[in-house]
Amino acid sequence: MNLIFLGPPGAGKGTQAKMLAEKLGVPQVSTGDLLRAAKQQKTSLGIEAEKFMSAGQLVPDELVIAMIRERLEKEDCQNGFILDGFPRTLPQAEALEKTLKDVGAIVDHVLDLEVDSEEVVKRLSGRRQCSACQENFHIDFKPSKKEVCDRCGAQLIQRDDDKESVIRKRLEVYRQQTKPLVGYYQDKALLKSIVGRGSINDIFQNVLKAVQ
Ligand code: AP5
């Protein structure tokens, strides 16, 4: 099954995509994670992407499209994948459709997590991420038991783009460039809207219903 998670920054795309990937046995493909890994490895893509990411802007389409094409060609994606954070613009959605068409595949469902802006600011400004395994925590909603990552023991950090001014910029970019994809996938009868507020497990039950 080929799935897409849509929704504003902080809607819970990563959290739900990870849980669903485990349940379905297909990989979660997060463009944010791929770009952060490139940044950490100081590749030319990572150095270029960093400028846009720290300002809360989108990385140019051609860079992200080339990166995702390469990722989807890998063996582990051949039986399905869950996209988290891609596509984010109309040209990205069209490029994805073409890539899949070339190999006789389609998008099965698009899951749109709906969360309001103030909840997003609360979630992202309180998020802490493991500097080694990228596990997410939240100072109120999902605190770590100690001051370090519960999974691997590494230090927890705040992402550069989780500062309030950058979060608000990301929300504006979402409204202008990504929100139009809701209508795009609605017209293709692929969109399933899911309320993104409430407990992580309750939302996951609704995600499961939407894909069954
Ligand atoms: P990316 O990493 O994709 O960031 P994002 O979409 O802004 O997503 P987030 O990871 O912030 O939020 P999420 O919806 O995954 O929520 P999460 O589950 O983590 O992208 C970062 C940057 O990379 C972009 O700004 C851009 O520059 C670039 N980029 C990436 N993709 C690109 C593309 N396709 N094109 C161009 N540029 C691209 O949850 C957030 C927090 O809330 C966590 O602390 C979590 O524990 C908590 N939480 C989750 N669910 C709940 C709940 N139900 N209740 C309470 N708290 C919750």
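Taken across segment 42-59, residues that are of a type in the set (Lys, Arg), within 10 Å of the ligand (Cβ to nearest atom) and under 16 Å from Asn136 (Cβ atoms) do not occur at all. When you check Lys142 against the structure, is it surrounded by fewer than 12 Cβ atoms within 10 Å (Cβ to Cβ), basic (Lys, Arg) and at pLDDT below 95, yes or no? Judged against the criteria, Lys142 is not a match. A search for C-beta distances below 9 Å between a residue of segment 16-32 that is among the charged types (D, E, K, R) and any residue that is in a helix (DSSP H, G or I) and at pLDDT 95 or above, counting only pairs 6+ apart in sequence or on different chains, returns Lys23/Phe204; Lys23/Leu208. Of the listed requirements (1) under 25 Å from Leu190 (Cβ atoms); (2) surrounded by 13 or more Cβ atoms within 10 Å (Cβ to Cβ), Gly104 misses just one: (2). Among the residues of segment 20-41, those identified as touching a strand residue (DSSP E or B) at 6+ places or on another chain (Cβ under 9 Å) and either more than 10 Å from the ligand (Cβ to nearest atom) or not in a helix (DSSP H, G or I) (or both) are Leu20, Ala21, Glu22, Leu24, Val26, Pro27, Gln28, Val29, Ser30. Considering the conditions (1) more than 7 Å from the ligand (Cβ to nearest atom); (2) in a helix (DSSP H, G or I); (3) touching a residue at least 24 places away in the same chain (Cβ under 8 Å); (4) open to solvent by less than 20 Å² (accessible area, probe 1.4 Å), Val64 is excluded by exactly one of them, (1).
For the subset of segment 1-17 comprising residues that are assigned to a helix (DSSP H, G or I) and at pLDDT 95 or above, which member is nearest to the ligand (Cβ to nearest atom)? Checked segment 1-17; the qualifying residue nearest to the ligand (Cβ to nearest atom) is Lys13.
Determine which single condition Asp102 fails, assuming it passes every other condition in (1) more than 8 Å from the ligand (Cβ to nearest atom); (2) in contact (Cβ under 8 Å) with a residue 60 or more places away in the chain; (3) among the charged types (D, E, K, R). Among (1) more than 8 Å from the ligand (Cβ to nearest atom); (2) in contact (Cβ under 8 Å) with a residue 60 or more places away in the chain; (3) among the charged types (D, E, K, R), the lone unmet condition for Asp102 is (2).
The values are calculated or read from the model by the stated rules, or taken from the named source; none is laboratory data. What you see is a predicted model, and the numbers here were worked out from it, not measured in a lab. Note that we place each Cβ from the backbone using ideal geometry, even for glycine, and neighbour counts take in every protein chain shown. What goes into the accessible areas is simple: the full protein's heavy atoms, side chains included, and nothing from ligands, DNA or RNA. Shrake-Rupley method; radii C 1.70, N 1.55, O 1.52, S 1.80 Å.
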